[in-house]
Amino acid sequence: MQNKDRLRKKYFFIRKKKYFDIKPSFFNPLIKLIKKRYKKKNINLSIYHPASFEVNVFKLFEIDIISKLKILLPVLKVNNKMHFYEWEKNNVLQINQFGMLEPAMLSEHIVPDIMLVPLLAYDNQNNRLGYGGGFYDRYLNKYLKTHNNILTIGIAFSFQKHHKLPVSNNDVKLNYILTEKGIF
């Protein structure tokens, strides 16, 4: 665990130092994947509210296809659980106990078809180093048993790549990693 903590500090510092603003075209490989893989119209796409020099996924709102998708944001619940709720751009957000923004108006939680996942580092095996809370891993370990078609895509800058991340039994590999260099 100590090794993961060291890596978290390292990659948070690197991301802060090397962060750059992306263009909406960053998401072109994602849009191409969505069009190719999903023929149905109602796609539930979970994003996250970018913070702490994360890739700005809100640039997706500058792409026309986004209006055809149901956008979900995570909400942290008691007992360290996370669920996803529908959210539209400019809807009210509130600050949770971790200082992160999440939807204020909640309806029924929705399981995403596609989940964009924030991260601090990734490797060639699509392992992800998160922030240490385990929210995404717990969610995926629970819901992949009943919704095995959730497509997980880590969103990062290419400089966040690490040669081989330490992993534990609870860590869930991502299907893809999307960087400014493409989708892998």
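The values are calculated or read from the model by the stated rules, or taken from the named source; none is laboratory data. Only a predicted model underlies this, so the values are computations on that prediction, with no experimental measurement involved. Every residue, glycine as well, gets a Cβ built from its backbone with ideal geometry; the counts of neighbours run over all protein chains shown. Surface areas here come from the heavy atoms of the whole protein model, side chains and all, with no ligands, DNA or RNA. Shrake-Rupley method; radii C 1.70, N 1.55, O 1.52, S 1.80 Å.
General observations
- Accessible surface of the stretch 17-176 [probe 1.4 Å, protein heavy atoms]: carbon and sulfur percent: 50 percent
- 18 Å Cα-Cα reach of LYS4 towards aspartates and glutamates, excluding residues that sit fewer than 8 places from it in its own chain: ASP123, ASP137, ASP171
- Karplus-derived 3J(HN,Hα) values for the stretch 22-34, using 6.51 cos²θ - 1.76 cosθ + 1.60 with θ = phi - 60°, are 9, 9, x, 4, 3, 8, 4, x, 5, 4, 4, 4, 4 Hz; glycine and proline are entered as x.
- Of all beta bridges that DSSP places with both ends in the stretch 1-159, some 50 percent have antiparallel geometry.
- Amide H contacts of MET82 (H built 1.01 Å from N, under 5 Å, at least 5 apart or other chain): LYS77
- DSSP beta bridges in the stretch 1-95 [antiparallel fraction, %, rounded to 5]: 60 percent
- Restricting the stretch 104-148 to trypsin sites (Lys or Arg not before Pro) in coil, as DSSP defines it, with at most 15 other Cβ within 10 Å: LYS145
- Where the stretch 47-181 is the region considered: accessible area per residue in Å², 1.4 Å probe: 50 Å²
- The stretch 83-115 and the stretch 24-41 have their alpha-carbon centroids 22 Å apart.
- In order along the stretch 99-109, the Karplus-derived 3J(HN,Hα) couplings, from 6.51 cos²θ - 1.76 cosθ + 1.60 at θ = phi - 60°, round to x, 9, 8, 8, x, 8, 9, 10, 10, 7, 6 Hz, and Gly and Pro are given as x.
- Across the stretch 47-62, rounded Karplus estimates of 3J(HN,Hα) from the backbone phi angles (6.51 cos²θ - 1.76 cosθ + 1.60, θ = phi - 60°) give 10, 9, 7, x, 8, 6, 6, 6, 4, 7, 5, 5, 4, 4, 5, 8 Hz, Gly and Pro being marked x.
- A helix-only calculation puts the chain at -6000 deg cm²/dmol for mean residue ellipticity at 222 nm, using -39500 (n - 2.57) for each DSSP H run of at least four residues, averaged over all residues.
- Pairs beyond 28 Å (Cα-Cα), from LYS35/LYS81; LYS16/LYS68; LYS36/LYS81; LYS35/LYS59; LYS18/LYS59; LYS59/LYS145: LYS35/LYS81; LYS16/LYS68; LYS36/LYS81; LYS59/LYS145
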